[in-house]
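In what follows, a structure is listed as structure tokens, so that the remarks can point back to it.
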Amino acid sequence: MNPYVLAILLSSLGLGTTLTFASSHWLLAWMGLEINTLAITPLMAQHHHPRAVEATTKYFLTQATAAAMILFASTTNAWTTGEWSINDLSNPIASTMFVTALALKIGLAPVHFWMPEVLQGLDLLTGLILSTWQKLAPFALIVQTAQTIDPLLLTLLGAASTLVGGWGGLNQTQLRKVLAYSSIAHMGWMIIVIQYAPQLTLIALGTYIIMTSAAFLTLKMSLTTKISTLATTWSKSPVLASTTALVLLSLGGLPPLTGFMPKWMILQELAKQDLPIIATTMALTALISLYFYLRLCYAMTLTVSPNTISSITPWRTQTTQVSLPLALFIVSALGLLPITPVILMMTA
């Protein structure tokens, strides 16, 4: 892609998200979401592959549906209350419609079906943008309106997403689909606690972005998109294979890695709110997710691809990818647990 076009598209992505962050008016927020969608569409279709075009079409249709629902919900709310302010979402029908539309935007269960299919049709870098940056603007709106939304609806969305995210990833062989279901499960963790402690949602979103970025960048570095090719990673680069396995375990929430911190704090908050059944359900769904991460780690580090050459092949080309962002994300994804007391002190 032309670097000038790429610069315009990426700056439009930033503009759309910033516009939604800064807006207190429904139309401006909607406009920011639309700019986001229109900016990422050419990035998704840039390879002109049938799968990429199909994924782009599916993504555009779902995002357009969600945007139309947001516009309809905000118009309904303005009609009944006379207010276009985001913080004044007092109409129950409008608030339910609004949270459903945002759930469709970020891929929460039960409106998650587009997410694995779309992510499977994209290359890893565009998939990374879709899994991280594209979640920011809708989450800003959910955080602003969480107190006016029915708590039962948020709880059901969160619990269903963690269950579907864990269950759906079990039988996948494509890594991008596994990461899509991982994203759905993490969104569920964020939504379940948003009405009790929005700051925990933001912490969970931050750690999710760090861990997902590390996972996508390591897979891109090793040029791997299927479980069957993970077995060759160890013979190519043992260090990269080891760190990838640790990043996947961090995504699963295994201590003493970074991914354990948000899950621990969210379970603590749910117990504090006297919701032991929901906390237990969330912990059990985390175990289901952990199983398929362990499956990936097993394929990567405990199975070796059958080969007859014992020495390292001299003709292997060196990668031209920039490794500094990868190193920073890996360190953050593995080693931030010790600063938990500092984060707790800042959010208290």
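The values are calculated or read from the model by the stated rules, or taken from the named source; none is laboratory data. What you are looking at is a predicted structure, and each value in this text was computed from that prediction instead of being measured. Backbone-built Cβ (ideal geometry, glycine too); neighbour counts: all protein chains shown. When the accessible area is computed, the model is the full protein with side chains, heavy atoms only, and any ligands, DNA or RNA have been set aside. Shrake-Rupley method; radii C 1.70, N 1.55, O 1.52, S 1.80 Å.
Assorted remarks:
- Filtered residue count, segment 327-348, keeping only those that are within 19 Å of the chain's Cα centre (by Cα) and of a type outside the set (A, V, I, L, M): 2
- Of all residues in segment 233-289 being modelled with pLDDT under 90 and in contact with a Lys or Arg (Cβ under 8 Å, 6 or more places away or on another chain), the one that is least open to solvent (accessible area, probe 1.4 Å): 253
- Verdict on residue 173 being open to solvent by 30 Å² or more (accessible area, probe 1.4 Å), modelled with pLDDT under 95 and among the β-branched types (Val, Ile, Thr): yes
- Qualifying positions in segment 233-276 - in a helix (DSSP H, G or I) and over 25 Å from residue 337 (Cβ atoms): 233, 234, 235, 236
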